[in-house]
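The structure under discussion is supplied below as structure tokens; questions concerning it will follow.
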Amino acid sequence: MTATISFADLGLADTLLRAIADTGYTAPTPIQAQAIPQVLKGGDLLAAAQTGTGKTAGFVLPILHLLMQQKPALKKPGRPRCLILTPTRELTAQVAESVQTYGKHTPMTSMVMFGGVNINPQISALRKPLDILVATPGRLLDHCGQKTVDLSGVEILVLDEADRMLDMGFIRDIRKVLALLPKQRQNLLFSATFSDEIRSLARGVLNNPGEVSVTPRNTATELVTQTVHLVEQHHKRDLISHIIRESGWHQVLVFTRTKHGANRLAEKLVKDGLSAAAIHGNKSQAARTRALAGFKEGNVAVLVATDIAARGLDIDQLPQVVNFELPNVPEDYVHRIGRTGRAGATGAAVSLVDSSEIKLLKGIERLIGKTIERHPVQDWTPPAGSNPAAYERQERDEDNRQPRRQGAPRGNGGDRGGRPGQAPRQAAPARPAGQARPGGQRQAPAARSERPAGGHRADNRAQPQTARHAEGTNRPSGRPAGGSRGALLGK
């Protein structure tokens, strides 16, 4: 389909075509070719495509076109015309970057809003007129509680990576946001997968939507070569260090199941002479931004991440993904390996699987409809004297010694943590809404290296929404007994 269609054929404004040409793209991807015309018609849309297929441009481009064509009756500070909700800080920042890239020749204004950074610069930005707001649900509700943002003028709502938002327990926050929006609006729901819960959510939000699905449900791209190495858990760190050094990989994204596991693996790789950094929910936004920037620029060869980074990471020509541990949810495997093999490029995904993960591996293979090839590692011998019991003991000791970042959420920080079947720790109860700390004292500032960009301390003061968990934490699912999350939105 895309062989005979150009962006000009889609009816986009000349200013947008100039921006597209500046990026070097010449033809729309399948999701763009199908979604853009439907969005331009003004109707609701339910769209699914694998990560890396260009779905962000599939809604950003037509939204910019529509906002330019439809002049607002009233333009006030802090009153966006389009609201784009995303589940993670990284994805929020990258969607906002796409808005700026494609809207650079237009008069459209935009801003990004997420937690983990000082709220005051966001409040200052909201004092100016605004067309497009890209936000995470939690920080958006903080602003709504402080009445620094006005959602009554939203003409277009986008729920991006909606399946991940459901997974992370944002259902109640989404419902609160929906209650603040005008009833007459265009709704776009974009997702990497079409699960039953997503369809239920769509029924509660969308009105007679068009539907676009350019790939089979929950499938891994054929451009990614998938391999499994069977290895015991206590040998994995030595093995992955060996593979990276012997293969000469210069850019590899490694997924772990837990935050502490990510830290320990990154430390091991650095000790072995590799440039590595970890990114997860317990890192400050500034630290996460620095690690990601170093990885993109080639200063960091190995980025170790938890599943909080599985969505939204957009790294050009990423050649290699490694599953240090398999995810507990099979669909997350598809999202992880979707970081490579993007935009027509080839990639490779290696999974290190121990005996306790065979059941998870079988579930993944059922989901993707194929058996992943098992290969022994050449020229590698497990280190002598390695003891599983000693390894487990060391893991427990390091977990007990691991300090928690000042102001970081308790619990698993939104990363699916723990061993299979292990329940996450519950977050500490929040202070009642509006209640100040005893004596009105602020928390001690985070370490200098962990401060957000610009040198601001993380905003840890009590906000009107303090009863909610921090962004990316193990939030309660919000699912009432006997009811689905999609049904909750439909109320």
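The values are calculated or read from the model by the stated rules, or taken from the named source; none is laboratory data. Since the model is a prediction, treat every value here as computed from it, not as a measurement. Every residue, glycine as well, gets a Cβ built from its backbone with ideal geometry; the counts of neighbours run over all protein chains shown. Remember, those area values only see protein heavy atoms, side chains included, never the ligands or the DNA or RNA. Shrake-Rupley method; radii C 1.70, N 1.55, O 1.52, S 1.80 Å.
Among the listed pairs K268/K370; K147/K259; K75/K147; K104/K147; K104/K128, which have their C-alpha atoms separated by more than 24 angstrom in this model? List each step's numbers first, then the result.
Details: K268/K370 33 Å; K147/K259 35 Å; K75/K147 17 Å; K104/K147 29 Å; K104/K128 18 Å.
Those over the limit are K268/K370; K147/K259; K104/K147.
Tell me whether segment 226-274 comes out rounded, prolate or oblate; compute the Cα gyration tensor, take square roots of the eigenvalues as a ≥ b ≥ c, and use a/c under 1.5 as the rounded threshold. Intermediate values should be presented prior to the final figure.
On the way: a/c = 1.40, a/b = 1.06, b/c = 1.32.
Rounded, since a/c falls under 1.5.
Within segment 91-129, find all residues whose amide N lies under 12 Å from a label point positioned 7 Å from the Cα of T23 along Cα-to-beta-carbon.
Only 95-104 pass the distance filter.
Here is a follow-up. Top to bottom by accessible area (1.4 Å), largest first, where do C144, C82 land?
Most to least solvent-accessible, the answer reads C144, C82.
Taking a 24 Å limit on the Cα-Cα distance, which of the listed pairs K296/K362; K71/K176; K41/K183; K236/K362 fall beyond it?
Violating the 24 Å limit, Cα to Cα: K296/K362; K71/K176.
Now a separate question. Could you sort H229, H105 by their accessible area in this structure, using a 1.4 Å probe and putting the largest first?
Highest to lowest solvent-accessible surface, that is H105, H229.
Still on this structure, please answer the following. Express the carbon and sulfur contribution to the solvent-accessible surface of segment 31-80 as a percent, rounded to the nearest whole number, probe 1.4 angstrom.
49
To continue, here is another question. Would you mind working out the accessible area per residue for segment 175-260, using a 1.4 Å probe, and quoting it in Å²? Each step should come with its number before you reach the end.
Numbers: 3780 Å² over 86 residues.
With all protein chains present, segment 175-260 gives 44 Å² per residue.
Show the residues, 5+ positions off or on another chain, whose built amide H is closer than 5 Å to the amide H of S213.
So S213 has HN proximity to A48.
For segment 152-237, with the dipole built from +1 on Lys and Arg beta-carbon atoms and -1 on Asp and Glu ones, taken about the Cα centre, which of G210, A192, V158 lies farthest toward the positive end?
Result: V158.
Here's something else I'd like to know. Percent of accessible area on segment 107-252 owned by carbon and sulfur, 1.4 Å probe?
Carbon-and-sulfur percentage of accessible area, whole number: 47.
Hey, another quick one. Just order 163-172, 372-381 by mean Cβ neighbour count inside 10 Å, highest at the front, would you?
163-172, 372-381
Apply the a/c threshold of 1.5 to the C-alpha gyration tensor of segment 93-222 and tell me whether it is rounded, prolate or oblate. List each step's numbers first, then the result.
Details: a/c = 1.70, a/b = 1.47, b/c = 1.15.
Here segment 93-222 falls in the prolate category.
Taking R0 as 22 Å, what FRET efficiency do you get between K128 and S213 from their Cβ-Cβ distance, rounded to the nearest 0.05?
On the way: r = 38 Å, r/R0 = 1.75.
After rounding, the FRET efficiency stands at 0.05.
Can you find, among H105, N120, A8, the residue sitting farthest towards the positive end of the charge dipole of segment 1-130, where Lys and Arg contribute +1 and Asp and Glu -1 at Cβ?
N120
What's the FRET efficiency of R374 with K271 using the Cβ-Cβ distance as r and R₀ = 30 Å, to the nearest 0.05?
Working from the Cβ atoms, E equals 0.55.
I'd like the accessible area for Y333, computed on protein heavy atoms only with a 1.4 Å probe and all protein chains in place. Round to 10 Å², please.
Counting only protein heavy atoms, the figure is 0 Å².
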